[in-house]
Every structure is written in C-alpha cells, then in structure tokens.
1. Specify the residue with the greatest mean-square fluctuation among Asp163, Asp127, Asp73, computed from a Gaussian network of the chain linking alpha-carbon atoms under 10 Å apart.
2. Shape call for region 133-214 from the C-alpha gyration tensor, a ≥ b ≥ c root eigenvalues: rounded (a/c under 1.5), prolate (a/b greater than b/c) or oblate?
3. Can you tell me the relative contact order of the chain? Whole percent, Cα pairs under 8 Å, sequence separation 6 or more.
4. Starting from the Cα of Glu103, step 7 Å along the direction of its Cβ; do the same at Ser180; then give the gap between the two resulting points in nm.
5. Just flag the GluC sites (Glu not before Pro) in region 74-174 sitting in loop per DSSP whose Cβ has no more than 11 other Cβ atoms within 10 Å.
6. Provide Lys152, Lys173 in ascending order of the number of other Cβ atoms located within 10 Å of each residue's Cβ, fewest first.
7. Quick check on the exposure proxy: order Phe161, Phe63 from fewest to most C-beta atoms within 10 angstrom.
Amino acid sequence: MNLDFKQIKLGFFEVNNISSSKDLLKLASSIGQIIPHPNGEKIYTLSPNTGEDAIKGTLSNRFGLSEFPLHSDTAFWSQPSRYIVMGMIKESSCDTQLISWNEIFSVLSPQAKNYAKNASYIIDTIDEKKYTSLFFSNNGERGLRFDPCCMKPANKAARKFHDEMLMIQQNLKPKKIIWSGKKAIVIDNWQYLHGRSIVSAHDKKRKLLRIYIR
C-alpha cells in the first residue's frame, strides 16, 4: 500500500482493496500516530443507533438514524484529531458526505467571515464545559472546528456565524463517498467537515470502522 503524502494534503482521498481491520491499521500507521479510543482499542466500530441507548448529546443520541449534520470529529479536544481514517468492508447505501472549509468560506457573507474570527463557543459535553474558538493552530498550520452538537455559541459573533453556517449548509453540495465495500477514506479533519446520509432499514447492520490519527 504505497501512499503519496501529497494526496493527504488535498484534504481527503479514497483507498480501495481494504479487506480487513489489519489493512485499515496498516493504512493508518502509514499516515501518522494512531490515537487509541478511550477503551484502549485502535479501531472503533460505529453502528447505526436509534439514539435511545447512545450517550446523551452525541450525534447518535440527537439524530438517531436520521442524517448527521456536517461536523468535525473530536471538536471538543483542545486540538482535534488531525486525520480520520474510515473504512467499510461491506457495501452500504448510507454514504459519507464531505465538504471543505474553503468551500464553506467561499459562500459565507463577508460579515459571517468576520464573525468567525471573533466567535466564542462553549464546549458542552458530559465530561466538561469550556470555552473555545473556531480556529486553532499547531506548528504553523491552522485548523477549524465545528460541531453543532457540542459547540454552543457564547457571544454575538458566534451566534451570527452559527446561524449563517447552518443556513448555507442547506444549499451546499458535499462530496459523497459511496461505500461500495472494501474501501477506506482518509480525511483531514482540520480542513474538512463530514456527515452521514439517512440510514435505511436494510443498512441498520452497517459497520463503519474509524481510526483517529494525531
């Protein structure tokens, strides 16, 4: 599995012929340092959930089998995971949707762009509450975070930005990743937001494998 790092710099790319968890771990390890899930496992399996048994406030809890809104993963971390590797061995009609911050900012109003710079949010999870901004940086690289589930606007600038951000999502046309089986995608979580389409009745046993990379 030979990867050109330039592919990652594009923001996301697809990898075929991923037939097992072992293949997915090999792919992830070639990109960077894997961040284990709190349960100690390197790969976390995401299965559709009606929301009743999900952790309060999470996407699964709030949206169940409905479409997931565009968001950053681990937005509540002080520095969100840089890359996300997702894989699905079996075919699924429930697609993953992607859109870049560059695309979003290209359609935001000038006022919303200014509001974004001064927006203050409260991260509200079952573990903590803290203030954060949309922007963060590490070693000269800038990233953005956004998760309407755990990020609550804390000032006027955030409220104005948040309202327009949610409104323009209705008109955006995200890239759709079709899970045709034996496939993985690598997402730059600092550059792209992702979501999910509605889970149909025959997709309730869908299993998406996810790995976080520092």
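Read-outs throughout are calculated quantities, based only on the coordinates presented, and are distinct from any laboratory measurement. Predicted, not measured: the structure shown is a model, and the values here were computed from it. Cβ atoms come from the backbone with ideal geometry, glycine included; neighbour counts cover every protein chain shown.
1. Maximum fluctuation in the GNM of the chain, among the listed residues, is at Asp127.
2. Values: a/c = 2.35, a/b = 1.45, b/c = 1.62.
It comes out oblate by the Cα gyration axes.
3. Details: 419 pairs, mean separation 87.5, N = 214.
The normalised contact order for the chain reaches 41 percent.
4. My value for the distance between the label points is 1.9 nm.
5. Values: sites: Glu91, Glu103, Glu128, Glu141, Glu164; in loops: Glu91, Glu128.
For GluC sites (Glu not before Pro) across region 74-174 that sit outside H, G, I, E and B with at most 11 neighbouring Cβ atoms in 10 Å, the list reads Glu128.
6. Lowest count first: Lys173, Lys152.
7. Values: Phe161 26, Phe63 19.
The order, fewest Cβ neighbours first, is Phe63, Phe161.
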